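Asker: Below are the structure tokens for one structure; questions will follow.
The values are calculated or read from the model by the stated rules, or taken from the named source; none is laboratory data. Here the structure is a predicted model, which is why all the values come from computation and not from measurement. Virtual Cβ from ideal backbone geometry, glycine too; neighbours counted across all protein chains shown.
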């Protein structure tokens with residue numbers, strides 16, 4: 001015999017938890033207020049405990065009585081007295097409160113007990129400047145999770161890197177890989193003060209007179225890198241480096257103009273350049289779908305997703321150059337065509 005109803009129909013195949021009235025509205029809040037009154041036997045003391053006003057406590061309790069259709073409390077010279085129904089409800093809520101307390105302790109214990117080694121792949125700069133400084137905070141919550149930070153081996157295929165989680169600039173090409181879009185990396189041209197003192201300020205019109213540092217990371221002849229490749233083609237490539245830290249130090253040492261993450265402007269030795277180049281790359285977190293069922297991997301994955309979220313100004317959708325006086329001064333003087341000395345009125 002065929003089924004009289006479509007078993008996949010959500011509106012017909014519901015559980016009590018699907019009822020939108022269960023966890024909506026002020027009903028649960030009013031039970032909490034009533035429990036505080038039942039414990040303290042006073043509207044005023046309940047209000048102090050909950051951090052709300054006495055009239056609000058009274059209003060919640062009277063509304064709860066209306067919802068229940070019975071009187072739960074009565075007033076006397078000695079304070080609040082629970083009715084028989086009120087006592088039954090208070091007892092039930094006390095038992096529920098105790099169970100919730102024990103459950104929360106158990107969940108916190110499980111969280112702290114999460115144990116294991118999580119392999120994470122990231123660029124050297126993002127690992128060194130953002131992941132490493134936040135590991136101590138992560139371990140306060142998860143003291144038994146250890147991280148193994150690895151440089152990416154393959155920038156296209158996730159599994160070639162033999163890691164649990166990877167911070168990438170592209171979506172996965174393999175099956176069984178979870179992908180979460182997080183923030184954006186912003187790459188802009190920069191030079192050091194020593195370079196500017198020697199070669200002058202680069203502009204869109206005089207790139208033929210300037211030196212650049214090149215790297216295979218930015219070598220693709222695609223639309224993403226076209227503005228940067230055009231700048232390099234107009235100028236002179238002084239040196240190459242495929243080590244991201246060495247690349248940044250070559251720029252900082254004044255050997256040429258480089259394309260660096262906006263967050264490196266925290267280094268006062270570097271100055272942003274206005275030569276018509278801004279590369280915005282979406283950031284993605286990749287993770288092995290099966291490994292995400294592991295508590296340590298899930299904990300690290302959630303932590304990293306928050307760390308590189310758009311709420312972090314460096315990884316927002318719009319380019320951020322920071323708020324320091326040195327950066328503001330550098331931009332003001334570069335756009336006016338004057339080499340920046342690194343000094344400000346506040347120095």
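Asker: In the list 150, 157, 175, which residue meets the criterion of being surrounded by fewer than 18 Cβ atoms within 10 Å (Cβ to Cβ), touching a helix residue (DSSP H, G or I) at 6+ places or on another chain (Cβ under 8 Å), farther than 22 Å from residue 321 by Cα and in the same structural domain as residue 135 (by TED's automatic domain parsing)? Walk me through how you get there before you give the answer.
Answerer: Numbers: 157 fails: touching a helix residue (DSSP H, G or I) at 6+ places or on another chain (Cβ under 8 Å); 175 fails: touching a helix residue (DSSP H, G or I) at 6+ places or on another chain (Cβ under 8 Å).
Criteria check complete, one pass: 150.
Asker: Looking only at the stretch 261-298, which residues are without any contact (Cβ under 8 Å) to a residue 40 or more places away in the chain and outside the structural domain of residue 173 (by TED's automatic domain parsing)?
Answerer: Step one: filter the stretch 261-298 for residues without any contact (Cβ under 8 Å) to a residue 40 or more places away in the chain, giving 267, 293, 298.
Correct list: 267 only.
Asker: Somewhere in the stretch 319-327, is a residue farther than 25 Å from residue 130 by Cα and at pLDDT below 50?
Answerer: Just the residues of the stretch 319-327 that are farther than 25 Å from residue 130 by Cα, to begin with: none.
The answer is no; no qualifying residue exists.
Asker: Across the stretch 268-303, what is the number of residues that are over 24 Å from residue 121 (Cβ atoms) and surrounded by fewer than 15 Cβ atoms within 10 Å (Cβ to Cβ)? Even if it seems obvious, please write down each step before you answer.
Answerer: Restricting attention to the stretch 268-303, the residues satisfying the condition of being over 24 Å from residue 121 (Cβ atoms) are 268-278.
Keeping just the survivors that are surrounded by fewer than 15 Cβ atoms within 10 Å (Cβ to Cβ) gives 268, 276.
Going through the stretch 268-303 one residue at a time, the tally reaches 2.
Asker: Does residue 10 qualify as being exposed (fewer than 15 other Cβ atoms within 10 Å of the Cβ), modelled with pLDDT under 80 and outside any helix (DSSP H, G or I)? Please lay out each step first, then the result.
Answerer: Values: exposed (fewer than 15 other Cβ atoms within 10 Å of the Cβ): yes; modelled with pLDDT under 80: yes; outside any helix (DSSP H, G or I): yes.
Judged against the criteria, residue 10 is a match.
Asker: Now a separate question. May I ask you to verify whether residue 237 is surrounded by fewer than 19 Cβ atoms within 10 Å (Cβ to Cβ), closer than 30 Å to residue 154 by Cα and not assigned by TED's automatic domain parsing to the domain that holds residue 300?
Answerer: On the way: surrounded by fewer than 19 Cβ atoms within 10 Å (Cβ to Cβ): yes; closer than 30 Å to residue 154 by Cα: yes; not assigned by TED's automatic domain parsing to the domain that holds residue 300: yes.
When the stated conditions are applied, residue 237 passes them.
So that you can scan it fast, the table gives a plain yes or no per residue for (1) modelled with pLDDT of 90 or more; (2) in contact with a strand residue (DSSP E or B) (Cβ under 9 Å, 6 or more places away or on another chain); (3) exposed (fewer than 14 other Cβ atoms within 10 Å of the Cβ):
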site	(1), (2), (3)
1	no, no, yes
6	no, no, yes
15	no, no, yes
50	no, no, no
74	no, yes, yes
98	no, no, yes
101	no, no, yes
105	no, no, yes
109	no, no, yes
